[in-house]
1. Looking only at region 163-188, which residues have a backbone nitrogen under 14 Å from a spot 7 Å from the Cα of S195 in the C-beta direction?
2. Taking 0.36 nm per intervening residue step and subtracting the Cα-Cα distance, what contour gain separates E119 from V169 on full extension?
3. What is the sum of charges, Lys and Arg at +1 and Asp and Glu at -1, for the other residues whose Cβ falls under 9 Å from the Cβ of D126?
4. Do any chymotrypsin sites (Phe, Trp or Tyr not before Pro) in region 8-105 lie in a loop, going by DSSP, with at most 14 other beta-carbon atoms within 10 Å of their beta carbon, and if so which?
5. How big is the chain along each principal axis, measuring the range of its Cα positions in Å and listing the largest first?
6. Under the classification rounded if a/c is under 1.5, otherwise prolate if a/b is larger than b/c and oblate if not, where does region 39-140 fall, given a ≥ b ≥ c as square roots of the Cα gyration tensor eigenvalues?
7. If the reach is capped at under 22 angstrom between alpha carbons, list the lysines near K30, excluding any in the same chain fewer than eight residues apart.
8. Taking 0.36 nm per residue of sequence separation and subtracting the Cα-Cα distance, how much length would be gained by fully extending the chain between L26 and T188, in nm to one decimal?
Amino acid sequence: MSVKYVASSKLPTPWGVFTMHGFEDLKSGKEHVALTFGELEANTPILGRIHSECLTGDALFSLRCDCGFQLQTAMQHIAEAGQGFILYLRQEGRGIGLINKIRAYELQDAGANTVEANEQLGFAADMRKYDMIAPMLNKIGVNQVKLMTNNPRKVNALKDNGVEVSERVPLQVGKNRYNESYLKTKSTVLGHLMSEHHFHDND
Ligand SMILES: Nc1nc2c(ncn2[C@@H]2O[C@H](COP(=O)(O)OP(=O)(O)OP(=O)(O)O)[C@@H](O)[C@H]2O)c(=O)[nH]1
Ligand SMILES: [Zn+2]
């Protein structure tokens, strides 16, 4: 197996006490985390989010994207539901890494969109891998997922990796004037499912 479970601990948060499980990805050398909340019932669709690392949005309060808002809202929804999980995958910048993401932001400051910037740097628009997910879910006892995402390609990637996605739950939060064109590109070029009102409210 390409992912090795290492240890678990409590993770108290503003939304409640999660349990944090650490994994080593033997292929990439990355350290991934699973958070679980409540008792995860076997053979039941479990509410969850597969979140790709975004240091800028998740930890540095960046308004260039919606990642931090999505992470917080997902944790809140899971706590409200009484059970659920987050997989926090260390694939920063859709897989190109933090420094390359900063390079891509530099190109976006000069007018490129998020996809063009990746391409100008010689990368595909999205370089993420999802082969670590099935073994991580297996370890935390989840085999059916109600997935909080706007990204249909993520749903398909999970299915391709043997994960049963019983439902997609939209997660449209965090729109602001700095990420409006980024969200538009996600919807028109990357295929994310965003309802139109997302671009008009809170203006
Ligand atoms: N290369 C690059 N990566 C970005 C940029 N903005 C955000 N990211 C990364 O994109 C990833 C999040 O991808 P998204 O496509 O926003 O979201 P998703 O997880 O696929 O879809 P949702 O589940 O709906 O959020 C994180 O790894 C971020 O670091 C950008 O402009 N360029
Ligand atoms: Zn982000």
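Any read-out appearing in this document is the output of simple, stated calculations on the displayed coordinates, not a laboratory observation. In this text, all values refer to a predicted model and were calculated from it rather than measured experimentally. As a convention, Cβ positions derive from the backbone with ideal geometry for all residues, glycine included, and neighbour counts pool all protein chains shown.
1. Of the residues in region 163-188, 169-173 have backbone N under 14 Å from the label point off S195.
2. 15.0 nm
3. +3
4. For chymotrypsin sites (Phe, Trp or Tyr not before Pro) across region 8-105 that sit outside H, G, I, E and B with at most 14 neighbouring Cβ atoms in 10 Å, the list reads F61.
5. That gives 48, 38, 30 Å along the principal axes, largest extent first.
6. Verdict is prolate for region 39-140.
7. K4, K10, K101, K129, K139, K154
8. 54.8 nm
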